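Contents: one structure, followed by commentary.
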Amino acid sequence: MNKTMKYLNQFLILTSILLFVSGYSVRVNAQTTNSKLPNIVYILADDLGYGDVHCFNPEGKIATPNLDNMAENGILFTDAHTTSAVCSPTRYGILTGRYNWRTTLKSFVLSGYSKSLIKPQRTTIAEMLKKQGYATAYVGKWHLGWDWQLEKADPTKLDKLDYRPEVDFSAPVKNGPATHGFDYSFGFCGSLDMAPYVYIENDVPTMVPTKTTVSVDEKGIWREGLTSDDFEHASVLQDLTDKAVGYINDKANGKSPFFLYFPLPAPHTPILPTTGFLGKSNTNMYGDFVMQVDDVVRQIRETLKKQGIAENTLLVFTSDNGCSPKADYEELAKVDHDPSYVFRGTKADIFEGGHHVPFIVEWPKGARKNSSSDKTICTTDFFATCAELTAYQLADNEAEDSYSMLPLITGESDGDIREYIVHHSLNGSFAIRQGDWKLCFCPGSGGWSYPTPAEIKNENLNLPPMQLYNLKDDIAETNNLIAEYPAKARELKAALKKIILDGRSTPGKPQKNDGMEGWKQIEPIMN
């Protein structure tokens, strides 16, 4: 009996040791797998034009040495597009991999007091990467709405830029970054020219605003609104950069890879370059501000190198839409600089200048170097790219409009990743692109460039309701071919109708769009 017990005890001890070693091995293997996955940093400029980055526009007059160096060490995409020609919608597409117009936001943008555009059940890229073992953070301009603790408000007016509800700024916000997968967050709700001017850290206001500020300067404008004592408009860009750098320093040697989503508030209005950049571009204040954005990229890249993690960090830089007219195109033209490059239009437009943006990927360990790709990509494609990178299996109701760019980034393939891409303007007008052909479902810009919807109406302009362009022959979109190629227009119209009604543009089970009832902008597509 004693001998049997002795053997039994030895067996139990041996089994415990094996289980411990096995468990340790599993943990080590998991950590080893995680350590091989790259860190991911996504820098999103605000209202930066394609022509403002020197490596995309060699004739441009604004120096961007850090972005140029990033491109030399990575890959630049020359046919990259945002899902929308304005702010909030594009940000939705980046974080969800879904076209913004599938939400209830059919046109325009959100305000600083808007409710969250992202529904709690909608999977974001941060949630997906978190499941794959990533630490996740957002620092910067959110502009996707979150739910303030409202004390007195008219819910029907929250999206209006001039509306000022009463808010309990001592209370946490709901449906903010933490709800959507971010372990750490620091930033503000709207644009830098939209009240309230209050920082939120981990869903809690850093201070209760006690003063009101406003600026009526043409370039440095911001709307009147409550402002916290720790919120100084002129220093916001660098304050956010310091937070981003601090996060990288903190996570550099951690056990898990990290994802940092870093949407900048610049060079959007208010155009406020700091003293060290004033006059530096020899163009105007907007050019100076672009150079300060370029310096933000320097600080991020230097931090990654200092921490020894640059080699296995996938760094992305792009813009949320084209350049705004607030940059002062006429002033910049005097020094032969065009933020829109050779494209027609500006921010807000269905034309290329509204959504054709610079896009650079640097990943020394895994990406092509000193190369470019002319394949059509969309900002929604980041989601599927990260999913493939981390071996995440997308569900049918996730990233419905996202195609993986990974083969283009690594050089595994140089083939097209998508057949169609859909564009969307400020007023909710659509365009669909297939190869060289682009069909616009509006008679003008659908935004701010001539002819605007208001100008078409006020001037009684007799324009075709649709525009068809061959971008290979006519990148400036000057020759409408709708009368010459009606069959091509019908073909593209049918393709867009299917993409809308299927609730997705990728293969998979059809999904539902939000807000289908009363959706006026799709009437010319459905009929």
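The values are calculated or read from the model by the stated rules, or taken from the named source; none is laboratory data. Here the structure is a predicted model, which means the values were calculated and not measured. With ideal geometry, Cβ positions are generated from the backbone for all residues, glycine too; neighbour counts draw on all protein chains shown. The accessibility values were calculated without ligands, DNA or RNA, using every heavy atom of the protein model including side chains. Shrake-Rupley method; radii C 1.70, N 1.55, O 1.52, S 1.80 Å.
Things worth noting here:
- Asp52 being open to solvent by less than 10 Å² (accessible area, probe 1.4 Å) and closer than 30 Å to Asn282 by Cα: yes
- Taken together, Gly446, Gly428 contain a single residue that is closer than 22 Å to Lys106 by Cα, touching an Asp or Glu at 6+ places or on another chain (Cβ under 7 Å), in a loop (DSSP other than H, G, I, E, B) and at pLDDT 95 or above, which is Gly446.
- When the range 492-509 is filtered for residues that are assigned to a loop (DSSP other than H, G, I, E, B) and either more than 25 Å from the chain's Cα centre (by Cα) or among the polar types (S, T, N, Q) (or both), the ones remaining, listed by number, are Ser505, Thr506, Lys509.
- Test: Ala234 is part of a helix (DSSP H, G or I), in contact with a Phe, Trp or Tyr (Cβ under 7 Å, 6 or more places away or on another chain) and either surrounded by fewer than 18 Cβ atoms within 10 Å (Cβ to Cβ) or of a type outside the set (D, E, K, R) (or both): no
- Per the listing Gly287, Gly308, the residue uniquely small (Gly, Ala, Ser), more than 25 Å from Gly93 (Cβ to Cβ) and open to solvent by 50 Å² or more (accessible area, probe 1.4 Å) is Gly308.
- Of the candidates Asp396, Asp349, the single residue that is modelled with pLDDT of 95 or more, surrounded by 24 or more Cβ atoms within 10 Å (Cβ to Cβ) and not small (Gly, Ala, Ser) is Asp349.
- Neighbours by Cβ (under 7 Å, 6+ apart or cross-chain): first from the range 418-436, of a type in the set (Lys, Arg); second surrounded by fewer than 21 Cβ atoms within 10 Å (Cβ to Cβ): Arg433/Tyr420
- Residue check, Leu463 out of contact with any Ser or Thr (no Cβ under 6 Å at 6 or more places or on another chain), in a loop (DSSP other than H, G, I, E, B) and within 20 Å of Val109 (Cβ to Cβ): no
- Complete set of residues in the range 262-279 that are in contact (Cβ under 8 Å) with a residue 24 or more places away in the chain and part of a loop (DSSP other than H, G, I, E, B): Leu264, Pro265, Ala266, Pro267, His268, Thr269, Pro270, Ile271, Leu272, Thr274
- The condition of being closer than 30 Å to Asn397 by Cα, open to solvent by 20 Å² or more (accessible area, probe 1.4 Å) and charged (D, E, K, R) holds for only one of Lys472, Lys497, Lys438, Lys457, that being Lys497.
- Count of residues meeting criterion [under 20 Å from Ala384 (Cα atoms) and in contact with a helix residue (DSSP H, G or I) (Cβ under 7 Å, 6 or more places away or on another chain)] in the range 415-433: 4
- Pick from the range 109-151, criterion β-branched (Val, Ile, Thr) and part of a loop (DSSP other than H, G, I, E, B), ranking: surrounded by the most Cβ atoms within 10 Å (Cβ to Cβ): Thr124
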